[in-house]
Amino acid sequence: MNHDDLRHWSKRAADWAHDYHANLRDKPVRAPLVPGAIARQLPVSPPEVAEPMETIFADFDRIVPPGLTHWQHPRFFAYFPANASPASMLAEQLANAIAAQGMLWQTSPAVTEIEQVMVDWLRQSLGLPDGFTGTIHDSATTATLSAILTMREQALNWAGLTQGLQGQQRLRIYASDQTHSSVDKAARIAGIGQENLVKIATDASLSMVPEALTAAIAADHAAGFVPAGVVLCAGGTSVGAFDRMEECIKVAKARDLPVHVDAAWAGSAMICPEFRNLWAGVEGADSIVFNPHKWLGAQFDCAVQFLRDPGPQVKTLGLRPTYLETAGREEVVNFNEWTVPLGRRFRALKLWFTLRAYGLEGLRARIRNHVSWAQDLAVALSKLKGVEIVTQPALSLFTFALADDVATEALLTRINDDGRIYLTQTRHQGRFVIRVQVGQFDCTAQDVAMVETVVREGL
């Protein structure tokens, strides 16, 4: 295949993509397959000679779509969405064609500078104050890891980078019991240890109790541990919990502890001023992450981390051998020093296209619709015999259940086997519950209403 062939097949792929999205409503959201069904359709060994692209494309069309969970399906209400607006898809095609390496300013100045501007556009869009800057990661998991590595090094006066962790004082990180598993993973990978991630109790609103945070920090000081930082939750994955930002940040700052806020899903909603009360006080944090790929229409992967002061993170993650220096340009930003990977994709391009193609008002309208439709759906489900709304809508996320776990799990199986919608589960206060999260870029009120239909028929 050469570049002339690419021109032809790119057009074919664009036509295929149009038809794929146009017909998604006619497909089951989740593939009705058993493990191994796709792998068995592939040869056990790679080809020795080149195959015609016509054959390759035909095999793709025959094997791949029937084996997918269709994340762009307008009736995908599971997990959190990984949205792909048409503008974002177009930008990704161009980024793939360019195939730029954005590790340094000099390796692709446009990649670095557009990223800088897009981060600031988003800062303004979310109502964060001047002074915050930031960078783009692949996912919130990596951004949170970066923040916790920075907490570790600040607590150890950067000795961990050179001396390792053996013989160092035992560090502690604090987060609520609603925190995402990525925080646990970061504590593991950073060498802090999952046992040293202290889960703070939450109140009836599922918010971290500031007094409990104060007590935990004091107890650890007394026991000889070294508190290193606090992670706060703004829209937890399980049921959408929000910590009380202002109060908890005040506790942390009184003890000179850095604060990282995980707003991976809910951060996108903060482009709507009326929702910002949910994270009031967030401007006091040192690090904030949200994923435009979840609810803002940007193609996966795209996580934005805002930093009050990038210096500590750059000092933690930065490493500049001679072959990575930019001669005569020491003042430029090299984003590889802000993140874990050296190599970096041109992720900012899809933000530029998406923000311009829909505008903030267009994106706000979608989010407002999703929140309103989710609230209406919760009311509709609550009227079904035997259905209990367990957690009320947090933005566009809520949970429901039947009388017992066995019945609830059986209902979820029937719902997903039906194929018209896709929901997933969590455990809340020990109870098996079904999550509903409205956030697909192209979903309609009718798509959301289908949830009530499928649940009612499945009872």
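Key figures for this structure:
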item	result
Number of positions in region 1-20 that are in contact (Cβ under 8 Å) with a residue 12 or more places away in the chain and either polar (S, T, N, Q) or in contact with an Asp or Glu (Cβ under 8 Å, 6 or more places away or on another chain) (or both)	2
Of residues in region 173-206 being assigned to a loop (DSSP other than H, G, I, E, B) and either of a type in the set (A, V, I, L, M, F, W, C) or crowded, with 21+ Cβ neighbours inside 10 Å (or both), the one farthest from the chain's Cα centre (by Cα)	A204
Test: residue in region 147-167 that is of a type in the set (A, V, I, L, M) and touching a Pro at 6+ places or on another chain (Cβ under 6 Å)	yes
Count of residues meeting criterion [over 19 Å from L126 (Cβ atoms) and touching an Asp or Glu at 6+ places or on another chain (Cβ under 8 Å)] in region 279-319	9
Single match in V34, V64, V29 (criterion: touching a strand residue (DSSP E or B) at 6+ places or on another chain (Cβ under 6 Å), hydrophobic (A, V, I, L, M, F, W, C) and within 30 Å of V436 (Cβ to Cβ))	V29
Residue within region 358-368 that is assigned to a loop (DSSP other than H, G, I, E, B) and either crowded, with 17+ Cβ neighbours inside 10 Å or not basic (K, R) (or both) present	no
Residue match in region 151-172 (condition: under 22 Å from the mean Cα position of the chain (by Cα) and either more than 22 Å from A254 (Cβ to Cβ) or of a type in the set (V, I, T) (or both))	no
Considering residues of region 396-429 that are in a loop (DSSP other than H, G, I, E, B) and touching an Asp or Glu at 6+ places or on another chain (Cβ under 9 Å) only, the residue surrounded by the fewest Cβ atoms within 10 Å (Cβ to Cβ)	A403
Hey, A212 out of contact with any Leu (no Cβ under 7 Å at 6 or more places or on another chain), more than 21 Å from Q429 (Cβ to Cβ) and modelled with pLDDT of 95 or more or not	no
Residue list for region 93-114, restricted to those being crowded, with 21+ Cβ neighbours inside 10 Å and either under 28 Å from T424 (Cβ atoms) or of a type in the set (S, T, N, Q) (or both)	T112
Some residue of region 124-135 being without any contact (Cβ under 8 Å) to a residue 24 or more places away in the chain and over 19 Å from V289 (Cβ atoms)	yes
Which numbered condition Q41 fails, given (1) of a type outside the set (K, R); (2) under 17 Å from D61 (Cβ atoms); (3) in contact with a Gly (Cβ under 7 Å, 6 or more places away or on another chain)	(3)
Pair list, Cβ under 7 Å, 6 or more apart: region 40-68 residue within 25 Å of V29 (Cβ to Cβ), other residue assigned to a helix (DSSP H, G or I) and of a type in the set (A, V, I, L, M)	Q41/I63
Members of region 217-247 found to be surrounded by 21 or more Cβ atoms within 10 Å (Cβ to Cβ) and part of a helix (DSSP H, G or I), listed by number	I217, M245
Failed condition for R152, given (1) crowded, with 21+ Cβ neighbours inside 10 Å; (2) in contact with a Leu (Cβ under 8 Å, 6 or more places away or on another chain); (3) closer than 30 Å to L360 by Cβ	(3)
Selection count where residues are farther than 25 Å from K294 by Cα and without any contact (Cβ under 8 Å) to a residue 24 or more places away in the chain, scope region 380-401	3
Region 21-39: number of residues that are in a helix (DSSP H, G or I) and in contact (Cβ under 8 Å) with a residue 24 or more places away in the chain	3
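The values are calculated or read from the model by the stated rules, or taken from the named source; none is laboratory data. Here the structure is a predicted model, which is why all the values come from computation and not from measurement. We place every Cβ from the backbone using ideal geometry, glycine too, and count neighbours over all the protein chains shown.
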